[in-house]
Structure formats: structure tokens, C-alpha cells
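Enquirer: If you scroll down you'll find the structure; I have some questions about it.
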Amino acid sequence: MSERIATIKRDTLETRIQVCVNLDGTGHAQLASGLPFLDHMLDQIARHGLIDLEVAAQGDLQIDAHHTVEDIGITLGQAVQQALGDRRGIRRYGHAYVPLDEALSRVVLDCSGRPGLEYFVEFPRARIGEFDVDLFREFFQGFVNHALITLHIDNLRGRNAHHIAETVFKAFGRALRMAVESDPRTTSIPSTKGSL
């Protein structure tokens with residue numbers, strides 16, 4: 001399998017973003033979104049997904065974080081899509097359950113070539129520090145729309161909002177790692193259609 005590395009730049013009137021991914025990395029992260037809690041969550045994706053991830057973003061944070069978070073999701077999705085290529089020889093499906101103290105989340109995904117998000121996460125409060133928890137859904141929606149991945153996220157239990165968020169992002173990283181890793185038993189595209 002050739003190198004699965006991609007760099008994507010996205011410049012709009014609202015944001016300027018660059019994302020670099022290496023799907024076969026070691027979990028190294030270099031993150032500068034302007035949003036410390038989002039950087040903490042992106043670090044979970046890198047470390048638990050064993051994906052090298054660089055994010056540099058400048059957004060209209062003086063308005064709010066919505067455009068920046070959504071556009072990072074979009075740009076990360078584009079980078080993963082490009083790095084996957086034709087998806088030949090990957091496992092395609094991934095899943096993970098991750099606990100953190102009282103919180104437990106499940107993430108299941110399919111590198112299907114079809115975008116879809118089923119997101120069932122309820123937080124006990126609207127903000128974690130200064131971060132608006134509604135924006136997590138926007139991040140994942142942007143990601144799936146551009147990575148062309150079907151993604152199911154379920155928080156099964158939890159009382160602490162930080163713990164809930166962390167279990168979601170850790171589980172996402174682990175599920176993504178499983179789905180994009182090379183399957184040593186095949187070099188074919190994992191679909192009866194012959195394409196994804």
C-alpha cells in the first residue's frame with residue numbers, strides 16, 4: 001500500500017485552515033485551531049487512531065466558534081478522503097467502545113463512499129469551559145460529508161460533559177483506525193460493487 005498522506009487547505013471569508021494527515025502514522029499531533037478544547041479532542045483522534053494529524057486554523061472566533069469547528073471537520077474529511085484513495089485493501093468497517101470513569105460511548109463507521117451521520121449524544125450542560133457542545137455535531141457532519149463515511153455515534157451513559165466528549169473522540173479515533181488499516185488478507189476494494 002502506498003503512502004496514505006494528504007494535505008488540504010481551505011480558505012473562505014470565514015476561515016483559513018490547513019490539515020495534514022498520515023493514516024499510517026504514530027499518533028503525533030500538532031494542533032492550533034484557536035480552540036483549546038477542540039485541540040484536546042483532535043489530539044484524542046490522533047493518539048487513539050495512530051494518525052499523524054496537523055491542524056492550523058484561523059477563524060472568525062470573534063463571532064463564535066461555529067465556522068471554525070465545522071470547517072476543520074470539512075477539511076479533515078477531505079484530507080482523509082484523499083489519503084484513502086480508492087480504498088483498496090482497507091478493512092472498511094470500524095467500531096469501538098470507550099469508557100472514561102462513568103461515561104461510555106460507542107462509535108461504528110463504514111468507509112462506504114456514502115456520507116451519513118447518526119449522532120446520539122446528550123450533554124448535561126451546554127458548554128465545556130468556553131466550548132459550545134453543539135459544535136461537536138457540526139464537526140462530525142462536516143467530516144462525514146467530505147470523507148464520504150457513514151458514522152454512528154452513541155453516548156451510552158455519562159454524567160460529566162468532559163468525560164462524554166472524550167469518550168466520543170477516543171472511540172472515533174479507534175474506530176477510524178480499525179476501518180482504514182490495511183487488511184493483510186486482501187488487496188481488493190472491499191465492496192461487491194467493485195468501488196467505494
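Readers should treat all values here as calculations from the given coordinates under stated rules, not as data from a laboratory. Since the model is a prediction, treat every value here as computed from it, not as a measurement. Ideal geometry is used to build each Cβ from the backbone, glycine not excepted, and the neighbour counts take in all protein chains shown.
Enquirer: Kirkwood Rh over alpha-carbon pairs of the chain, then Stokes-Einstein at 37 °C and 0.692 mPa s: what D in µm² s⁻¹, rounded to an integer?
Expert: The estimated diffusion coefficient comes to 198 µm²/s.
Enquirer: So, one more: How large is ³J(HN,Hα), in whole Hz, for each residue of segment 10-15 in order, when computed from phi with the Karplus curve 6.51 cos²θ - 1.76 cosθ + 1.60 and θ = phi - 60°, using x for Gly and Pro?
Expert: 9, 10, 10, 5, 9, 8
Enquirer: Over segment 5-180, what is the relative contact order in percent, taking alpha-carbon pairs closer than 8 angstrom and at least six residues apart?
Expert: Here the relative contact order equals 28 percent.
Enquirer: In whole angstrom, how long is each semi-axis of the equivalent ellipsoid of segment 61-177, when you take the square root of 5 times every eigenvalue of its Cα gyration tensor and sort them from largest down?
Expert: Equivalent-ellipsoid dimensions as semi-axes: 24, 19, 10 Å.
Enquirer: Okay, moving on. Could you check the spin-label model distance between HIS152 and SER191? Points 7 Å from the Cα along Cα→Cβ, value in nm.
Expert: 1.9 nm
Enquirer: Determine the gain in length on full extension of the stretch ASP86-GLU3; use 0.36 nm per residue of separation and subtract their C-alpha separation, reporting nm with one decimal.
Expert: 28.6 nm
Enquirer: Right, next: What are the principal axis extents of the Cα atoms in segment 1-55, in Å, biggest first?
Expert: 37, 24, 11
Enquirer: When the Karplus curve 6.51 cos²θ - 1.76 cosθ + 1.60 is applied with θ = phi - 60°, which whole-Hz ³J(HN,Hα) does each residue of segment 44-54 get, with x for Gly and Pro?
Expert: 5, 4, 5, 5, 7, x, 6, 10, 6, 9, 10
Enquirer: Cut-off 20 Å, label point 7 angstrom out along Cα-to-Cβ of ARG16: give me the residues of segment 32-67 whose amide nitrogen falls inside.
Expert: 32-36, 54-67
Enquirer: Right, something else. Taking θ = phi - 60°, what integer Hz values does the Karplus form 6.51 cos²θ - 1.76 cosθ + 1.60 yield along segment 93-99, in sequence order, with x for Gly and Pro?
Expert: Karplus values, whole Hz, x for Gly and Pro: 9, x, 8, 7, 10, 9, x.
Enquirer: Scan the chain and report its longest stretch carrying no trypsin sites (Lys or Arg not before Pro) that are both in a DSSP loop and have at most 13 other Cβ atoms within 10 Å.
Expert: Counting at most 13 other Cβ atoms within 10 Å as exposed, the longest clean stretch of the chain is 1-124.
Enquirer: While we're here: Rounded to the nearest 20 Debye, what is the dipole magnitude of segment 5-180 about its Cα centre when Lys and Arg each give +1 and Asp and Glu each give -1 at the C-beta?
Expert: The calculation lands at about 720 debye.
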